[in-house]
Amino acid sequence: MTLCLLLLSVVTLAAAVPAPRALARAAWPERDPVVALWVWQCLVAAVLLCCLAALLLGAAAVFHTVRDQVFASAPPAVTAAYDLSAAPVWADALTVLLAGGAAWTTAMLVRELAQARRRRGQTRAHLRERAPELPPGLPAARGPMLVLEDEYPDAWWMSGHPPQLVVTTGALHRLTDPQLDAVLTHERGHARAHHDWLLHLSAALGAGFPRVPLFAQFCDQTHRLVELAADDTASRRCGHLTTALALIELNQHRGVLSCASSRRLLGERVDRLLEPPPRLPRRRRALTTTVATLVPLLPLLITFAPGLTALS
């Protein structure tokens, strides 16, 4: 068991410190943000699985009740292979630390989801106040798209039940038909990929563990990469120039092209659309995706290796 805990610790440190720093400095994620998002998710999954596996092993070594539950159906040879009675002294402290981390992670996720639900409810209530009153007998509009009367050009996807795409009349007046199609495709790209859940997860981990490089970088990079991925979805259908012009028209009043603006990401997105980088070769995309998918399997292999060896 001591070897399992040490190996899990090594994998956790490698995935939580040097790997995210190297990935954040790399240039290739801009060429294929979807693959980059998958790599980030696999790194996070690997760290969380390492912590969960170490917590279960540590709790099984410290508490006999947990040991009886975890190894209830395991043959005696498998239980003996883990040598839980010879747990190191630091296993107790590690178990307590991991249990606290698990509770804190759960609390951050619950808080993030509760805040998102409250914000969504406030937004819907605000939209109901601004929506025009319909004549008696006409049902309230609950379609997939809501046009809001406002001279301020804007468009966004509002998740929930039912999900709706909100577009202001200012955007309709400012955008041409191809540009509007690009905006709608961009927002639908967010919805189809469920980027809202990914943003909630990254925000919760980033807020809960801001000093952990993986979670801090995951939060920052996720916000950037989901926009690049949605831009690619829109540009493949409507063209790079049309998508860039739509982005400029929607954000011109915000200083999209100003380097000193806090919305510097908008300028980077426009530059990327006007000069699109080449996508990763198909073989490299497949190799990167496969390697990233195998990373979360490492903690599972480390955890089950003693038991599998005993059975063989």
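The values are calculated or read from the model by the stated rules, or taken from the named source; none is laboratory data. Computed from a predicted structure; not experimentally measured. Don't worry about glycine lacking a Cβ; one is built from the backbone with ideal geometry, like all the others, and counts go over all protein chains shown. These accessible areas exclude ligands, DNA and RNA; they are computed on the full protein's heavy atoms, side chains included. Shrake-Rupley method; radii C 1.70, N 1.55, O 1.52, S 1.80 Å.
For this structure, a couple of remarks:
- Modelled this way, with points 7 Å down the Cα-to-C-beta line, the labels at Arg224 and Glu149 are 4.2 nm from one another.
- Spatial separation of Cα centroids for segment 18-96 and segment 173-201, in angstrom: 36 Å
- Short-range pairs are left out: with C-alpha atoms under 8 Å and at least six residues apart, the relative contact order of the chain is 28 percent.
- Computed accessible area, Thr65, all protein chains, 1.4 angstrom probe, square angstrom: 100 Å²
- With all protein chains in place and ligands, DNA and RNA left out, the 1.4 Å accessible area ranks Asp154, Asp220 as Asp220, Asp154, largest first.
- Trp157, Trp40, Trp90, Trp28, ranked by accessible area, largest first (probe 1.4 Å): Trp90, Trp157, Trp28, Trp40
- Computed with a 1.4 Å probe on the full set of protein chains, the accessible area for Leu13 sits at about 110 Å².
- Per-pair calculated FRET efficiency, R0 = 22 Å: Trp104 and Thr65 via Cβ, rounded to 0.05: 0.40
- Extreme residue, positive dipole direction of segment 38-138, given options Ala74, Ser85, Leu109 (C-beta unit charges): Leu109
- Estimated at the nearest 10 Å², the accessible area of Cys4 is 10 Å² with a 1.4 Å probe.
- Longest exposed-site-free window of the chain, the sites being GluC sites (Glu not before Pro) in a DSSP loop that have at most 12 other C-beta atoms within 10 Å: 152-312
- Within the chain, the longest run free of exposed loop sites, counting trypsin sites (Lys or Arg not before Pro) that sit outside DSSP helix and strand states (H, G, I, E, B) and have at most 16 other Cβ atoms within 10 Å, spans 1-141.
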